[in-house]
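Asker: Structure in structure tokens, see below.
The values are calculated or read from the model by the stated rules, or taken from the named source; none is laboratory data. Just so you know, these numbers come straight off a predicted model, no measurement behind them. Virtual Cβ from ideal backbone geometry, glycine too; neighbours counted across all protein chains shown.
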Amino acid sequence: MSKLAVLMYHDVSTVTSEALTISVEKLEEQFAWLVEKGYKSYHCKELMELQKLPAKKNILITFDDGYVSQMELAVPLLEKYNLKATFFVPLNYLGKTDQWNTSALSIMTSEDLLSLNPQTIELAFHSYYHKKYNELTEVEIEADTQLCFNTVSEKKLPFSAAVAYPYGKYPRETSEKKKFFQQLKKQQFHFGFRIGNRLNDFPFKNPFEIQRIDVKGEFSLSKFKRKVKFGKIF
């Protein structure tokens, strides 16, 4: 089995770098190191078709929430370093702000999403209302997902069959978790992403519990390197 690190980013800034916001300078430093060390990046839809990873060093780069800053600051860096990334988008907030959080950060419009080069950026689901799945009923989850599908169809957005759980939350009790995963399969999702901060074996042991490394804005480059290589650092 190969190891796959899945990176999770959020907002990108020209002035600050802390918590869920990373500075464009640090982001470029991290991307440059990944390329220097020979990491191969993927889209989720590519991984769905693979039985093994072709490279020795592999990375999946993900950004949550569809911020305008990702389009303006992260996309040029991804293109500069010939890296791929997946943008997980909460579809109720297209053209609005992050109303589940600060209400201060702008979210891309459907036109913005359609303008992104699909060779660089893959679009995928981050729920409709950005609510915690572990606090919703099965019926509420189904309704939320249907709103996602309706929006993607109406706006003709090319979304892949992958979902990142808002806040990394999903049912954990055994029977509820089993029903949740069965529901995702019924809705024809292939992958579901949590947090966890560990590396993944590939092929995935459980494609609905893929762990991501939460990249914080205050990380030094040395800490970022350790996280990519080893995952959770105790």
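Asker: What about ASP112, is it out of contact with any Pro (no Cβ under 7 Å at 6 or more places or on another chain), closer than 21 Å to ILE61 by Cα and in a helix (DSSP H, G or I)? Lay out the reasoning, then the answer.
Answerer: Values: out of contact with any Pro (no Cβ under 7 Å at 6 or more places or on another chain): yes; closer than 21 Å to ILE61 by Cα: yes; in a helix (DSSP H, G or I): yes.
Criteria met by ASP112.
Asker: Same structure, new question: So, of the residues in segment 108-151 that are of a type in the set (A, V, I, L, M, F, W, C) and surrounded by fewer than 18 Cβ atoms within 10 Å (Cβ to Cβ), which turns out to be farthest from PHE180 (Cα to Cα)? Reasoning before the result, please.
Answerer: First, the residues of segment 108-151 that are of a type in the set (A, V, I, L, M, F, W, C): 108, 113-114, 116, 121, 123-125, 136, 139, 141, 143, 147-149.
Remaining after also requiring surrounded by fewer than 18 Cβ atoms within 10 Å (Cβ to Cβ): 114, 139, 143, 147, 149.
Working: LEU114: 30, VAL139: 11, ALA143: 13, LEU147: 17, PHE149: 18 Å.
Per the criteria, the residue is LEU114.
Asker: Just need a number here: residues in segment 84-105 that are of a type in the set (Ser, Thr, Tyr) and closer than 15 Å to ALA74 by Cα. Can you show your working first?
Answerer: The initial filter retains those residues of segment 84-105 that are of a type in the set (Ser, Thr, Tyr), namely 86, 93, 97, 102-103.
Subset that is closer than 15 Å to ALA74 by Cα: 86.
Total meeting the criteria: 1.
Asker: Would you check if there is a residue in segment 55-62 being of a type in the set (A, V, I, L, M), within 21 Å of ASN206 (Cα to Cα) and over 15 Å from the mean Cα position of the chain (by Cα)? Please lay out each step first, then the result.
Answerer: As a first pass, look at segment 55-62 and keep what is of a type in the set (A, V, I, L, M): 55, 59-61.
Okay, now just the ones that are also within 21 Å of ASN206 (Cα to Cα), so 59-61.
After this cut, where a residue has to be over 15 Å from the mean Cα position of the chain (by Cα) as well, the list is none.
Within segment 55-62, not a single residue is of a type in the set (A, V, I, L, M), within 21 Å of ASN206 (Cα to Cα) and over 15 Å from the mean Cα position of the chain (by Cα).
Asker: If you scan segment 88-98, which residues turn out to be over 14 Å from PHE125 (Cα atoms) and in contact (Cβ under 8 Å) with a residue 24 or more places away in the chain? Can you show your working first?
Answerer: Kept after step one, since they are over 14 Å from PHE125 (Cα atoms), are these residues of segment 88-98: 95-98.
Across segment 88-98, the qualifying residue is only ASP98.
Asker: Using beta carbons and a limit of 8 Å, which pairs, at least six apart or on different chains, have the first residue in segment 132-154 and closer than 17 Å to ARG172 by Cβ and the second one of a type in the set (Lys, Arg) and part of a helix (DSSP H, G or I)?
Answerer: GLU138/LYS179
Asker: Evaluate segment 176-198: report whether one residue or more is among the acidic types (Asp, Glu) and over 30 Å from GLU29 (Cα atoms).
Answerer: Taking segment 176-198 first, the residues among the acidic types (Asp, Glu) are 176.
Restricting the remaining residues to those that are over 30 Å from GLU29 (Cα atoms) gives 176.
Yes, because at least one residue in segment 176-198 is among the acidic types (Asp, Glu) and over 30 Å from GLU29 (Cα atoms).
Asker: Let me ask something else about it. Taking the options ASP201, ASP214, name whichever one is surrounded by fewer than 13 Cβ atoms within 10 Å (Cβ to Cβ), touching a strand residue (DSSP E or B) at 6+ places or on another chain (Cβ under 7 Å) and under 30 Å from GLU29 (Cβ atoms). Give the steps one after another, and end with the answer.
Answerer: Details: ASP214 fails: surrounded by fewer than 13 Cβ atoms within 10 Å (Cβ to Cβ).
Criteria check complete, one pass: ASP201.
Asker: Let me ask something else. Could you please give the count of residues in segment 1-28 that are surrounded by 15 or more Cβ atoms within 10 Å (Cβ to Cβ) and either more than 20 Å from the chain's Cα centre (by Cα) or in contact (Cβ under 8 Å) with a residue 60 or more places away in the chain (or both)?
Answerer: Quick first cut of segment 1-28, residues surrounded by 15 or more Cβ atoms within 10 Å (Cβ to Cβ) only: 2-13, 17, 20-24, 26-28.
When the remaining residues are screened for being either more than 20 Å from the chain's Cα centre (by Cα) or in contact (Cβ under 8 Å) with a residue 60 or more places away in the chain (or both), the result is 2-9, 11-13, 17, 20-23, 26.
Final tally of qualifying residues: 17.
Asker: Separate question: Does at least one position in segment 28-40 carry a residue that is over 18 Å from GLN119 (Cβ atoms) and either of a type in the set (A, V, I, L, M) or modelled with pLDDT under 95 (or both)?
Answerer: Taking segment 28-40 and keeping what is over 18 Å from GLN119 (Cβ atoms), we get 28-30, 32-33, 36-38.
With either of a type in the set (A, V, I, L, M) or modelled with pLDDT under 95 (or both) added as a condition, the list becomes 32.
Yes: segment 28-40 contains one or more residues that are over 18 Å from GLN119 (Cβ atoms) and either of a type in the set (A, V, I, L, M) or modelled with pLDDT under 95 (or both).
Asker: For the condition out of contact with any Ser or Thr (no Cβ under 9 Å at 6 or more places or on another chain), of a type in the set (Lys, Arg), surrounded by 15 or more Cβ atoms within 10 Å (Cβ to Cβ) and at negative phi, what is the one hit in LYS169, LYS80? Walk me through it before giving the result.
Answerer: Numbers: LYS80 fails: surrounded by 15 or more Cβ atoms within 10 Å (Cβ to Cβ).
Exactly one of LYS169, LYS80 is out of contact with any Ser or Thr (no Cβ under 9 Å at 6 or more places or on another chain), of a type in the set (Lys, Arg), surrounded by 15 or more Cβ atoms within 10 Å (Cβ to Cβ) and at negative phi, namely LYS169.
Asker: Here's something else I'd like to know. From GLU72, GLU28, which residue is closer than 26 Å to HIS130 by Cα and of a type in the set (Asp, Glu)? Break it down stepwise before answering.
Answerer: Working: GLU28 fails: closer than 26 Å to HIS130 by Cα.
Every option except GLU72 fails the conditions.
Asker: Given the criterion of a type outside the set (Phe, Trp, Tyr) and exposed (fewer than 13 other Cβ atoms within 10 Å of the Cβ), identify the matching residue among LYS56, LYS45. I'd like the intermediate steps shown before the answer.
Answerer: Working: LYS45 fails: exposed (fewer than 13 other Cβ atoms within 10 Å of the Cβ).
After applying the criteria, what remains is LYS56.
Asker: Oh, and also: Would you mind telling me which numbered condition in (1) exposed (fewer than 15 other Cβ atoms within 10 Å of the Cβ); (2) of a type outside the set (Phe, Trp, Tyr); (3) touching a helix residue (DSSP H, G or I) at 6+ places or on another chain (Cβ under 7 Å) ARG194 fails?
Answerer: Among (1) exposed (fewer than 15 other Cβ atoms within 10 Å of the Cβ); (2) of a type outside the set (Phe, Trp, Tyr); (3) touching a helix residue (DSSP H, G or I) at 6+ places or on another chain (Cβ under 7 Å), ARG194 violates only (1).
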